[in-house]
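All remarks here apply to the structure that follows.
The values are calculated or read from the model by the stated rules, or taken from the named source; none is laboratory data. All of these numbers come straight from a predicted model, not from anything done at the bench. All Cβ positions, glycine included, derive from the backbone under ideal geometry; neighbour counts span all protein chains shown. Just so you know, the surface numbers come from the protein's heavy atoms only, side chains and all, with ligands and any DNA or RNA stripped out. Shrake-Rupley method; radii C 1.70, N 1.55, O 1.52, S 1.80 Å.
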Amino acid sequence: MIFSKELNETLHTCLTTDPRVLVLGEDIADPYGGAFKVTRGLSTAFPDRVRTMPISEGAIAGISAGLALAGYRPIAEIMFGDFLTLVFDQVVNHIAKYQAMYAGQASCPVVVRAPSGGHRGYGPTHSQSLEKHFLGIPHLRVVAASLVHDPRTVFDEFLSQDSPVLYVEHKLLYPQHLTVPENGRVGDLLAAHDASPGMLPTVCLSAVPREECTVTVLAYGYQAMLAAKVIDRLAVEEEIFAELLIPAQLAPMDWAPVERSVGVTGRLVTVEEGSGGWSWGTEAAATISRRLFRELRSPVDVVASEPTVIPSSKAKESRILVGEGQIEAALRAAAA
């Protein structure tokens, strides 16, 4: 099924099965159904629990926090991930703090959904991947949507826990078909799940068994889809074999699957669309370099977008944001 429709059905199921769930956001009510139509039909089916909010991301986050403290399970949509800067104070100083601040006597399980990313020519303020600014916030889970993780399973996990969550959805995933592993495969690639107890799974993809791979690639969201294409093409055309690891949860990160893969391949390339520097990839490089120093055959390579403003021109945008070309070049260099 197409990812956006599966996400819509996931939200419908959450509203049906859990009376505590409410969905809040700008322009999410019918007939508009949200900027990317993920909430289409929900307000018609649940008019009292799917509510269009004023144009104030801070108000959306603040009201969601109050509802969560009162026992509800709000799912808040931020129309564009770029606007997450406007909820930063509520998330950092309130939503993420309450449970620890009050010794577990209160919890604030807000789920914030945010379409993010570029490659659509939307320009400097509607194309960014800002999730790196939320990594490392104590008690906040940062989770990335992907085509290999079933959103129903992911949201079931959200609703079963009391932790607040930032759920990042790359815009270019919405029209794509889910490719959840079936019978140990995703298309022509071998597929396996790997996870530590209590963590969302990391999906491992490769053209050949891990023991025959010469590099590990760590990527999430839309970049994981691009990396999978590159890995498949290089395996078929040039017999360059890599294992792709796609985590659902970016923070706190489950490093055990990465260690198991890199412990065999000896090489790691990280891929993300966010701007380079002080990022998820640099944290991965620091962590894996420290934990597997003796096993690494080369330095960890961090592939990220240029640290500059994203232009509206799609030709210029493609030179700044990470694409298949940058991923392929990094894999070739690592495998050389």
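Order the peptides 273-281, 49-57 from the highest to the lowest mean number of other Cβ atoms within 10 Å of their residues. Kindly include the intermediate steps, with their values, before the conclusion.
Numbers: 273-281: 20.4, 49-57: 16.6.
Packing proxy ranking, top to bottom: 273-281, 49-57.
Can you run the Rg to Rh ratio on region 238-336? Use alpha carbon positions and the Kirkwood inverse-distance Rh. Taking Rh as the inverse mean 1/r over Cα pairs, Rg/Rh reads 0.99. For region 294-301, the Karplus equation 6.51 cos²θ - 1.76 cosθ + 1.60, evaluated at θ = phi - 60°, returns couplings of 6, 8, 6, 8, 7, x, 5, 9 Hz by residue, with Gly and Pro reported as x. Accessible surface for region 90-203, divided over its residues, is 41 Å² per residue with a 1.4 Å probe. Only protein atoms count toward the accessible area here, which uses a 1.4 Å probe; on region 91-218, the carbon and sulfur part of that area reaches 51 percent. Annotation: amide H of R73 within the under-5 Å range of V21, L22, sequence separation 5 or more or interchain, hydrogens built in the peptide plane. Semi-axes of the equivalent ellipsoid of region 40-126 are 25, 19, 10 Å, computed as sqrt(5λ) over the eigenvalues of the C-alpha gyration tensor in descending order.
Rounded to the nearest 0.05, the FRET efficiency derived from the C-beta distance between Y32 and S56 at R0 = 22 Å is 0.80. From its DSSP helices (H runs of at least four residues, each -39,500 (n - 2.57)), the chain gives a residue-normalised ellipticity at 222 nm of -9500 deg cm²/dmol.
Taking all Cα pairs closer than 8 Å and separated by 6 or more residues, the relative contact order of region 99-251 comes to 24 percent. What the Cα convex hull of the chain gives, in volume per residue, is 131 Å³.
Residue by residue, region 87-99 carries 3J(HN,Hα) couplings of 10, 4, 4, 4, 6, 6, 9, 10, 4, 6, 9, 4, 4 Hz when phi is fed to the Karplus relation 6.51 cos²θ - 1.76 cosθ + 1.60 (θ = phi - 60°); x denotes Gly or Pro. Please compute the contact order of the chain in relative form: average sequence separation of alpha-carbon pairs under 8 Å and at least six residues apart, divided by the residue count, as a percent. That works out to 14 percent. Residue ranges 207-215, 291-299 sort as 207-215, 291-299 when ordered by packing (mean number of other C-beta atoms within 10 Å per residue, highest first). Label positions at A336 and R297, each projected 7 Å from the Cα along the C-beta direction, are separated by 1.5 nm. Given K5/K316; K229/K314; K97/K171, which pairs have Cα atoms separated by over 23 Å? Distance filter (> 23 Å) returns K5/K316; K97/K171.
Restricting to Cα pairs below 8 Å that are 6+ residues apart, what does the relative contact order work out to for region 63-177? Please round to a whole percent. Intermediate results must be reported in sequence, preceding the final value.
Values: 183 pairs, mean separation 34.8, N = 115.
Across region 63-177, relative contact order equals 30 percent.
Within the chain, which whole H helices from DSSP have a Cα span along their axis of at least 15 Å and a mean Kyte-Doolittle hydropathy of 1.0 or more, if any?
Numbers: long enough: 3-17 (21 Å, -0.30); 57-69 (18 Å, 1.41); 221-238 (25 Å, 0.31); 280-291 (16 Å, -0.51); 324-335 (16 Å, 0.16).
Membrane-span-like by this rule: 57-69.
Length available on full extension from E259 to S312: 0.36 nm per residue minus the Cα-Cα distance, which gives 15.2 nm.
Cross-link partners for K37 among the aspartates and glutamates, with Cα-Cα distance under 17 Å and sequence neighbours closer than 8 places in the same chain left out: E6, E9, E26, D27, E77, E169.
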